[in-house]
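Presented below is the structure to which this report refers.
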Amino acid sequence: MALNLLDKMNSIIETLSLKTAKLKHLALFISWIFFLTGCESMDVKPLPYDENIGVVKILDNPKVIVGDFVDVMEDCFSARGIKTREVDEFYTPRTGEYWLKYTALQSFDFVTYLSVADVWIYKNGELMAHGHWQLDWKGGLTFSKFDSTKEKMEPFFGELLKNYKKNKKL
């Protein structure tokens, strides 16, 4: 009887060990999938609607080397009927003007690609909207990290400007 009980205990221990090993493998597999998919994330405080928004001044950021970032940004604003104008980084906004500061960072994996972007929109010195976008794990092993700036930024600016109706296709 003692031998039978010992066999049952060994069987239970073996089963628990297998289940623990399976859970460890499952956790490792799930982590690997997230790494392969290279998720992107964003945190956005949308720009409140203002029918008198006028022209949003985009303060030049000479440190940004993502060549088409400003063009894509301007297209996203234009698609919602918001005019933009690039101005010098030292521009002093006038009372009532909307102005925008931005940064965009690249990463390298055989070629450069957009991996982080931040946009701040102000009026009268008050932060009206902000958005942060990034490729988690710098895109991991997924090929979507090589998508164009436009493909990555349209959903981001869509969320940032969601209170403005999109009136044309980009």
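Give the range 138-170 a look and list any residue that's hydrophobic (A, V, I, L, M, F, W, C) and either in a helix (DSSP H, G or I) or at pLDDT 90 or above (or both), or say none.
Filtering the range 138-170 for residues hydrophobic (A, V, I, L, M, F, W, C) gives 141, 143, 146, 153, 156-157, 160-161, 170.
The answer is PHE143, PHE146, MET153, PHE156, PHE157, LEU160, LEU161.
So if I check each of ASP118, ASP75, which one is of a type in the set (Asp, Glu), in contact with a helix residue (DSSP H, G or I) (Cβ under 8 Å, 6 or more places away or on another chain) and under 19 Å from PRO155 (Cα atoms)? It would help to see each step written out before you state the result.
Details: ASP118 fails: in contact with a helix residue (DSSP H, G or I) (Cβ under 8 Å, 6 or more places away or on another chain).
Just one listed residue meets the conditions, ASP75.
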Scanning the range 42-97 for residues that are closer than 19 Å to TYR164 by Cα, aromatic (Phe, Trp, Tyr) and part of a loop (DSSP other than H, G, I, E, B) gives TYR49
Total residues in the range 1-52, condition at pLDDT 65 or above, touching a helix residue (DSSP H, G or I) at 6+ places or on another chain (Cβ under 9 Å) and among the small types (Gly, Ala, Ser)
1
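Answer yes or no as to whether LYS45 is more than 17 Å from GLU154 (Cα to Cα) and either in contact with a His (Cβ under 7 Å, 6 or more places away or on another chain) or in contact (Cβ under 8 Å) with a residue 12 or more places away in the chain (or both). Walk me through how you get there before you give the answer.
Working: more than 17 Å from GLU154 (Cα to Cα): no; either in contact with a His (Cβ under 7 Å, 6 or more places away or on another chain) or in contact (Cβ under 8 Å) with a residue 12 or more places away in the chain (or both): yes.
For LYS45, the condition - more than 17 Å from GLU154 (Cα to Cα) and either in contact with a His (Cβ under 7 Å, 6 or more places away or on another chain) or in contact (Cβ under 8 Å) with a residue 12 or more places away in the chain (or both) - is not met.
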Filter the range 86-142 down to residues that are touching a Gly at 6+ places or on another chain (Cβ under 9 Å), of a type in the set (A, V, I, L, M) and under 17 Å from PHE69 (Cβ atoms), then give me how many there are.
4
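The values are calculated or read from the model by the stated rules, or taken from the named source; none is laboratory data. If you're wondering where the values come from, they're calculated on a predicted model, not measured in any experiment. Note that we place each Cβ from the backbone using ideal geometry, even for glycine, and neighbour counts take in every protein chain shown.
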